Amino acid sequence: MSRVRFGSSKSGENSAPPVVTAMVVHQPGPWFDEVLQSLASQDYAALSHVFFLTSQVVNAKADTAASQLLMKKIQTVLPESIVRIVEGNPGFGALINETQRIVEGNRGLFCVMHDDVLLQSSTISQLVHEMLVSNASVVGPKLVQWDNPTILKSVGLLIDRCGEVDPLIEANERDQEQHDSVKDIFFISSACMLIRADTFRELDGFCREISFFGEDLEFCWRAHLSGARVIVAPSAVVRHREMFTQRAPEFSRDALTARHRVRTVTTLTWRLELPLVWLQMLVTSVIETIFGVFSGNFRGSLANLRATVSVFVDFAYVWGRRREVRKVRRVPASDISKMQVRGSARITKFIRHRRALESSSIASAAKSQKLWRQSSTREAGFALLVIFSLIIIGSRGIILNGSRTVGEFLPFEGGANTAGSLMQMFRSGWWSSGFGEAAANPTGLGILAFGGFFVFGNLAFLETLMIVGSLFVGFFGMWRLCGSLYNTRARLVGATVYVALPLSYDAIARGRFSALLTVAALPWVFDLLRRSGGLQPNERIDGSTNSLLSNSEKSTDVGISRLTQLISALVLILGLVTAFAPAILVITFIGVILWCVASVFGGTSVRSIGTMLSVGVVGVFGSLFINLPWSMHFVSGKWWELLTSDQSIGDRNLGLVTLASLDFGNITGGTLVLASYFCVACSLLVANSWRFVWALRSSFLVVGGLLLAVLDDQGLLPFQMPEPVIILSLVACGLALASATCASVFSETSTKKTSDWRRSVGLLVPVAMSVAILPTLLSVVDGRWHQPDATVSQLFAQMPDNPADGNYRTLFVGDNELLPISTNSVTNKVSYGVSDDGPVNIISHWAPQRTAMNALADHALTALINRQTVRVGRLMSPLAIRYIVVPLGNQPSQSSRLIIDSLSNQIDLRRLYFAKDLVIFENSAWLPIVSLLDEESAVASEKVGESALIVRELRSMRPLFVDDQSVSNKTVSDSFEGGTVHLAVPFNKNWQLTVDSARLSPRVAFGASTAFDAPIKGVAKLSFRTSKFRDLYLFVQALIWFGLLILAANFSRFRRQVRAVTGESVRLVADDSQKIIKLDRFSK
Amino acid sequence: MFEKIRRPLVVLLLMASVGGTIFIGKIYSPEITSLPITELETKFLMPSVVGDSLSSTWFCPGVPARDVKVKSEIVIANPTQTPITGTITLLSSEEPATSSTLIVAPLSRGVFDATGGHKSQFISAIIELDSGQASVEQRIIHLAGDSVALCANETSDRWFFADGFTGAESDFDILLTNPFPDSTVVDLSFVTTDGKRQPALLKGIVLRGQSVTGISMGEQGARNESVLAVSVRATSGRFVAGKLQHFLGRGRLGFTSALGAPTTSRQWWFASGEKGAGVDEELVVFNPTEIDQSVSVAFLTGSAEALLREPLILTVPAGRVTTLSTSSLPAIANGRYGILISSVTGDFISSNDDTATEFVVVEQVVSRTRENKTGTSVILGAPSGSPSRVWTSPSGLTVGEVGSIVVANTTSLDTTVRVSTIGPAGAAPIVGLEKVELKAASVISIAIPPSIAQLQILIESETEVVVQREFSRGHQLYGLSGVLALPYRSPQVATSK
C-alpha cells in the first residue's frame, strides 16, 4: 500500500498541511519520555508542537519548579516546540483552546493529544491522509492499551439520545483488525484527535466549562451539528495509558462525566426532543441507581441521577449555552439522531457484554480486570444499604411510636404546642419557659416552628426526624470528611465506624439531645475546615531515601467565593446546632485547635492552617451572631456555664474506661469499643505520605478529646466542660478518621504491594473494627437504643393539668442529667429547673437563668440543701411552685438522697409520690402563677427577703386567668373585686393589667416577682407588651439566615456557568518565548 | 530542622498525652482542696443552733397539758441585737393545731406557755423563727422534779430511746409528734430483758397530720420493766419523738423529759460522768440493729492516753440492751470524768459515714441518793459530730442554788474555755471564767453564780468540747437534772467528722 508522505513532499501544491500537536501535560510519569520520543520520531515533516504544562499551586502561588524541568526535557527532545506553563490545571479543553492564540491561520490541522498517548511513527501522517481522503474535519486513531497493544481501547464511540456512550468494543477485546475500516463515528476520544484548524476555530474549540471528561463528546457533537464529518482511521494506531484519575485523584470522574454528559445532551439536543430525552435520562438514572446498589456501580449511577436532576439549577447555563451553539447548527436534528444509537446504549452495552462473556477468553480477561474501584463502590452500595437498614431497624420503636420522654428528649408537641404557637411564642418579647424573662426567645423555637411548617405541623414527626435523622447526618458528615482520603472504601469504613460508635445511641438512650446533635454536626464542621484549608493529597518523594515524605499534604488555593460558601455553610451548621446545643461552640473551638495543631505537626502550610483556624473562629462567632438576639443571653457573668450547658457539674468520676469506651452503661459490651483505639495507633504506624497528616489529625482528636474528658471527669480543670458525651464526640471523630486512614493505607498497599508488614497489621484492623462495632450491632435488637421503658414523665400524669385552683409550676431538682428541662445549678451536684403546669415539652429545653426569681429559688434551695429551713414551701410560694419533683434514676446519687431527706423534713410539703426512681412533693403553701392575694399577703409582698416568707404563709384568695396558655399569652379575662394581683414572673414594666379600661402598672413583689395593686373592680385582662422592634429584629435575622443559605448553596456558581468564557481562565505563569506558529501552507 | 524532628516530636507528644490520660484516669486521685457544698450536707445528729441561716425551726418533744400541777414553758433565747419574730404552733393530741406569733426582744429570752392554755393530754410546739441565731428548749416544771428537754431542728423517720423504765409502776410515755399536714404511719417496738417485742397494736400507728400521739408503754404490755428500750420507725413520713418519765421506785425517783435519738451513732459522748458515794451511774446501751455490736467505753480522766489505753469492751447483742454500771468498776477513781462510748463493729477506720449504717444509742442514768432521798436524771449522749467549739444554754441554769456546767474536752489538746452570759449589754464573759484551763481529755465542772444563772449562757472553747448542764430539780428535791447544752452548727463542726 502506497503512502503519501506529505511532510516529505517537495512540491508546493502537494505540500502537506501543517499539523500542530497540542498536548496538555499534567505531572507525567517516567513514561513521558517515550511519548516525547514518539512525537520526535513522526514521519510527518510539517509538524509543530505546543505543550501546556500544568503546575502545582501551593499557598496560592504556582510552583513551577517541576514544570521548568519538564520544559527543558521537552525542548531537549523537541527543540522547536512551544511550551507554556500555566497556573494549576484549569482543564484540558480550556488549555487546548489556547492553541488558537498560539497558532495563527486556519490552513492547517490541530492534533489534540493527552500526555499519555504513544504514537506510532506514522500515526500523524495516517490521520492526515485519511482526513484528506475522506474530507473529514475530525479524525481519530485506533486506541490500544499502552502495555498490551493487542488489546483495543477505542475505535471511536457512539452515543444514544441520552448521551450514554457505546464504546463499540468489549472490554479487553483483542485487536484482530475486526474494526479496521474507516467509518463515520459520533465522537472520538480527545486522547488523540486530529481537527481541522478552521473547524476548531469556528466551533470555538472545546467547551470551556468542561474541564475534564466529556469535552470530546461535546466537541464532536457540535462538529456534527455544523456539518463537519467525524471519522475514525484505524490504520493510525495510538497506545494509551489512561491513568489520569490516578494522577489527579481530586477529580471525581463519575461526577464530572455524568455532569458533562447531561449538560452536553441538554445543550445540544433539539429543543423539541429535549423534554422527552430528559425524562428518559431521569427514568434511566433512577433505575440504574437502584440496580447500582447491587451492581457495584452505585456511585456512578448516583452521579448520573444527581446530574440529571440538577438540570434545573443548571437551567441558566443550558439556556445560555444553547444560544451560543445556535449559530453553528446547520444539520437537522433528524440527521444527528441517525448517527446516534437507537434505543439505549446501556442496554446495547449490556447485551454485548453478555455475549462477550460467552467467550471464555474474554470472560477470563474480564474476570482478571476486577477493578478495585468497581468492587469498592459495590461494597459501598451494599454497606450503605445494610447500615441504613440497621439504623432504621434499630430505631423502629422511635420511628413507629416516637421517642420516650427521657432527659432532654422532650415532646415537641406536648401541651398546646403547635407550629403556630411556637412561632407566636418566638415572636413574643417574653421568654416564657422557666420563670420567664423579658428577653428574646430562643432561635431554636423559631427553627422548630419553621420546621413544623415543613412537616405539615406534625411536630412529633419532626422530633423523630431530628433524632433518627441525626444518625444519618453524622454518617454522611463523616462520609464527606473521609472523602479527603479519595478512597470509597476508606470513606465507607470511616462513616461506618462513626455511626457504629455507641456515642449517639447512648445520647438517645439517656435523652441527651444536645449531645446527639453535636455528634451529628461535628464531622461536617471538620469537613468544612479541611475544604476551606484546600487540603489535597500529594505524594512527594524524598530524593535521598527514595521514600514518601510523611508531611506531603498539598494545599490548594481556595478562592474567596468558595471560602465564602464554606464559611456560610459552617456558620449555618453551627448556628443551627447552637440554637439547641450551645456546647457545640466550645467543642468546635477545641476541635479546631486540635485540628490545627495536628496540621502544624503534619507539615500543612501555614496559610492553610491560618485559614482553617480563621474559618473555625468565624464559624463560632458567626453562629452566635446569627442566633441574635437570643444569643445575648450568653452575655453574662456566667457565659461559660451557659455555653457549656453543664451547670457547674464536675467531678463525675465516671472513670477512664467508661469514657474511653464512649458508653455510659446503656449498651451491652461497651468495653469492646476500646478495640477501635487500635486503629489510631495503627494509623500512626502505617500511614505514609499525606495520609500521615490525617493519622495525626485523628490521633490529636482522640487523645486531646479523651484527655479533656478525663480531666473534666476528675474535676481537675479550672473551668467546667460540656457533658462528657459532647466532649467525646471529638474522640469519635478521631476514631472514625483513624479507621478511614487505615483503610486508605491498606487499600493502597494491597494493590501496590509495597509493604508486607503493613498488610500484616492490616489484618488486625478489620478485626478491631468489627469488635468495636459489635456492641452497637447488638443494640439494634432493642428497637429504641435502650431508651428506658418507664420514664419520669409518665409519672407526671399525677399532677393536674390546668387545675381549677390555678396554674402552677413544677420544680425539678436533683442530678443535672436526670432533669428533663433546662436547669440552673445550686451546687456542683444539684441543679434545678421549673416548668409550667401541663406536660413538659420542648419549650423547657431553653430557660432564662439569671432572673430575680431564680435568685429566690437559689436561696430557697440552698437553705434546703444546707438544712437551714423546714419551710421551703413557703420560700417557694411566690414562685408558684406547687410540685417538687426529684428524679433519682436507677442509682440515686448521694446528693439526691440528701435532697429527698431534706425535702422530707419540710413541714409544708406533702409527699405525693414516693418511688425508687422518682419522688414528688406537693407544696401546701403554693400560690398560683396569677393569684389574688389576701390582705396580709399583699402587705408581705411589699417586703423583700425570706423573712417575709418564712414567718407567715402567703394565701391566695383565688387564682386568675386559668387556662393552658403560657402567662404571656393569656387569652382569658377574669372579673374580680379589686385587690393585689400577684404574678409569679420576674418584674418587668411591660406587664400590664387592664381592669375594664384602666391600665395598671406593675410593682415589684417579694423583691423579685410582679404585683398589681388594683383597688378597682371589673373585668381584668393580663398582657405583656412586646416591643415593636421585635418583629424587625426577627425579620433581619431571617434575612441573615436566608442570605447564608444562599451563600452556602452557592447559587452564584450557576450564574458563573453562563458567563461568557474568557481567556482569563487560563493564566500563563511562564513560557519559553512569545513564539507563535503560522498556518499558511494549507490547501485542500 | 523542624521537618526532621517533627515525627518524633509528635509521637512523643501523643505518647505523653496518652500516658497523662491513663495516669489521671486510672491512677491519680486528686486531693480535694475545697469541699463542695454537698460535702457539708451530712445530717447533723443532734439539735443545734443553726447560726447564719435566716430562719430556724424547732420541734419540741411535748409536754403533759392536762395536769394542772405541771407547768410547761418554751424558752427562746435571742442573742442578737434585733428582735426575733416567729410563730409558735401548738399541736395537741385532741385539738386542731393553733398558731400564734411571737416576738423575742434583742439580747433576751422569751418564755412562752408550752400549752397555750389548752387542756389536751399532750401538747407539743413547733417554733418557727426568722433567725438562725435563736435557740429554743422546752422546760417542764413538775412536782417530781423540773426537767429541760432539747427541741429538735429536724424531723426523722426513726427515733430511739435506750432507757425506758416502768419498774414500780413508773410512767413512761412516748410522745409522737407529726408536724406535717399528712398522716405518718409508724411502727413501735420495744426491748425488755426478755427480748424484742412488737405488739400488733403498736404496728401501723397512724399519726394524724399536725397532732401529738402519746403512748404509755406501761399500758402497751411493758409494765414493771427495769430495762425498756424503744424504737419507733416510720413506714411513711417523718415525725418527732420525745419521752416523759416519772420514776416511782426501784432505785429511781423523779421526773424527766427528753427528746429521743433521731438516729443511732457510732460514738456517744457524755461530759458528766461521776463516781462517788451515793451516786449510781449506769450506761444503757441499746443496739437496735440486726447484728451484734461491740462497743468500747473510754473514760476521760485527764490523760489523753487513757482514751486509747485498753478501753472497756462490751458486747451488745442484736436488738438488745446492755447496761454498764460504772459505779461498780474498780478501775475508776472517785470523781468526775467524761465518757466516750464507741461502736467498734466493722471497719472503724474506713466507715466514717455514720449515716450509712446503724450502730447504738446510749443514755446515761444517774441516781443520786442521800438519806433515803433519791433523784434520777437520764441524759442522752452527744452523738458523733456533735462536739463543737461553741455551746449555749438558752435557759441558763434556771433553778436553785446548784447549777453548773460540765465541759468535756474531747480532743487530745489542752484548751481554754470562756463562759459568757448574754444580757442586755450583749455577750459578756463571767468574771473569773474568761479563760478556764481545760486539759486534754478531761472534764471540768464550772459553777455559775446564781445571780446570772438565768441568763443565756455561752460556752466557747478553742477545741471541740461537749457541754452538759446540771441544775437543781427544784421543789427542794435532792439530786440534779441534767441535759446537754446546745452546740452551734459550724463548718468546723461538720468537717470534724
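Charged side chains reduced to their Cβ positions (Lys and Arg at +1, Asp and Glu at -1) give the protein assembly as shown a dipole of some 6520 debye around its Cα centre.
For segment B:193-277, report the translational diffusion coefficient in µm²/s to the nearest whole number, using Stokes-Einstein at 20 °C, 1.002 mPa s, and a Kirkwood Rh over Cα pairs. Before the final figure, lay out each step's value.
Values: Rh = 15.8 Å.
It comes out at roughly 136 µm²/s.
The slack between A:SER344 and A:ILE290, meaning 0.36 nm per residue of separation minus the straight C-alpha distance, is 17.7 nm. Taking the helices alone, chain A has a mean residue ellipticity at 222 nm of -14500 deg cm²/dmol, built from -39,500 (n - 2.57) per DSSP H run of at least 4 residues and averaged over all its residues. In terms of its C-alpha gyration tensor, segment A:943-1021 has a prolate overall shape, because the principal axis ratio a/c (a ≥ b ≥ c, square roots of the eigenvalues) is not below 1.5 and a/b outweighs b/c.
Once the Cα atoms are used to define both axes, helix A:852-865 deviates from the longest principal axis of chain A by about 70 degrees. FRET efficiency for the pair A:ILE351 and A:LEU69, taken as 1/(1 + (r/R0)^6) with r the Cβ-Cβ distance and R0 = 56 Å, rounds to 0.70.
Compared with the dominant principal axis of the Cα atoms in chain A, helix A:459-481 is inclined by about 40°.
Once the Cα-Cα distance is subtracted from the 0.36 nm per residue extended length, the A:VAL77 to A:TRP639 segment shows a gain of 195.4 nm.
Could you work out, residue by residue across B:12-20, how many beta carbons of other chains sit within 10 Å of that residue's beta carbon, and then give the average as an integer?
Working: counts 0, 6, 11, 1, 1, 7, 8, 0, 4.
Taking the mean over all residues of the peptide, I get 4.
Can you tell me how much longer the chain between A:ALA915 and A:TYR1033 gets when fully stretched, taken as 0.36 nm per residue apart minus their C-alpha distance, in nm with one decimal?
Details: separation 118, 0.36 × 118 = 42.48 nm, distance 4.74 nm.
Going from the current span to full extension adds 37.7 nm.
The charge dipole of segment A:870-947, taken about the Cα centre with unit charges on the Cβ atoms of Lys, Arg (+1) and Asp, Glu (-1), comes to about 380 debye, rounded to the nearest 20. In terms of its Cα atoms, the protein assembly as shown spans 161, 81, 58 Å along the principal axes, sorted from long to short.
When all alpha carbon pairs of segment A:851-969 are counted in 5 Å bins from zero, the resulting P(r) reads 2, 11, 19, 22, 19, 14, 8, 4, 1, 0 %.
Net charge dipole, segment B:55-128: roughly 180 debye, given to the nearest 20, about the Cα centre with Cβ charges of +1 for Lys and Arg and -1 for Asp and Glu.
Taking label points 7 Å from Cα along the Cα-to-Cβ direction, B:ILE291 and A:PHE476 give a separation of 6.0 nm. Computed from backbone phi, the HN-Hα couplings of segment A:252-259 come to 8, 4, 4, 5, 5, 4, 5, 4 Hz, rounded to whole numbers (Karplus: 6.51 cos²θ - 1.76 cosθ + 1.60, θ = phi - 60°; Gly and Pro given as x). Counting only alpha carbon atoms, the long axis of helix B:2-22 and the longest principal axis of chain B meet at about 20°.
What fraction of the DSSP beta bridges in chain A is antiparallel, stated in percent and rounded to the nearest 5?
Values: 74 of 106 bridges.
For chain A, the DSSP antiparallel bridge percentage is about 70.
With a Förster radius of 56 Å applied to the beta-carbon distance between A:PHE625 and A:ARG101, the computed FRET efficiency rounds to 0.75. Loop-resident GluC sites (Glu not before Pro) (DSSP state other than H, G, I, E or B) in segment A:81-186 with no more than 16 further Cβ atoms inside 10 Å of their Cβ: A:GLU177. In this simple spin-label model, placing a label point 7 Å from the Cα along the Cα-to-Cβ direction at both B:MET15 and A:PHE456 gives a separation of 6.3 nm. What shape does segment B:384-483 take by its C-alpha gyration tensor, where a ≥ b ≥ c are the square roots of the eigenvalues and a/c under 1.5 counts as rounded, a/b above b/c as prolate, and the rest as oblate? Verdict is oblate for segment B:384-483. Taking each DSSP H run with n ≥ 4 as -39500 (n - 2.57) and averaging over every residue of chain B yields -2000 deg cm²/dmol at 222 nm. Given the pairs A:LYS916/B:LYS196; B:LYS243/B:LYS439; A:LYS73/A:LYS183; B:LYS275/B:LYS439; B:LYS69/B:LYS203, which span a C-alpha to C-alpha distance of over 26 angstrom in this model? Pairs exceeding 26 Å: A:LYS916/B:LYS196; B:LYS243/B:LYS439; A:LYS73/A:LYS183; B:LYS69/B:LYS203. Sketch the reach of a paramagnetic label on A:VAL767 as a point 7 Å from Cα along Cα-to-Cβ, and name the residues of segment A:486-525 whose backbone nitrogen lies under 12 Å away. Under 12 Å, as judged by backbone N against the label point of A:VAL767, lies no residue of segment A:486-525.
Sequentially through segment A:303-314, phi angles give Karplus couplings (6.51, -1.76, 1.60; θ = phi - 60°) of 5, 5, 5, 5, 5, 5, 5, 6, 4, 5, 6, 8 Hz, Gly and Pro residues having no value and appearing as x. Each label point was placed 7 Å from the Cα along the Cα-to-Cβ direction; for A:ASN401 and A:ILE151 their separation is 5.8 nm.
Note on segment A:176-232: Cα convex hull, mean projected area over all directions, 4.4 nm². Interface residues of segment A:859-876, defined as those with an accessible-area decrease of at least 30 Å² between the chain by itself and the complete set of protein chains (probe 1.4 Å), are A:ILE865, A:ASN866, A:ARG867, A:GLN868, A:VAL870, A:ARG871. Ordering A:TRP31, A:PHE621, A:ILE508 by the projection of their Cα atoms onto the charge dipole of the protein assembly as shown, which places +1 on the Cβ of Lys and Arg and -1 on the Cβ of Asp and Glu, puts A:TRP31 at the extreme positive end. Element breakdown for the protein assembly as shown at a 1.4 angstrom probe: carbon and sulfur atoms account for 57% of the accessible area.
The values are calculated or read from the model by the stated rules, or taken from the named source; none is laboratory data. All of these numbers come straight from a predicted model, not from anything done at the bench. Here Cβ is always computed from backbone atoms with ideal geometry, including for glycine, and neighbour counts include all displayed protein chains. Remember, those area values only see protein heavy atoms, side chains included, never the ligands or the DNA or RNA. Shrake-Rupley method; radii C 1.70, N 1.55, O 1.52, S 1.80 Å.
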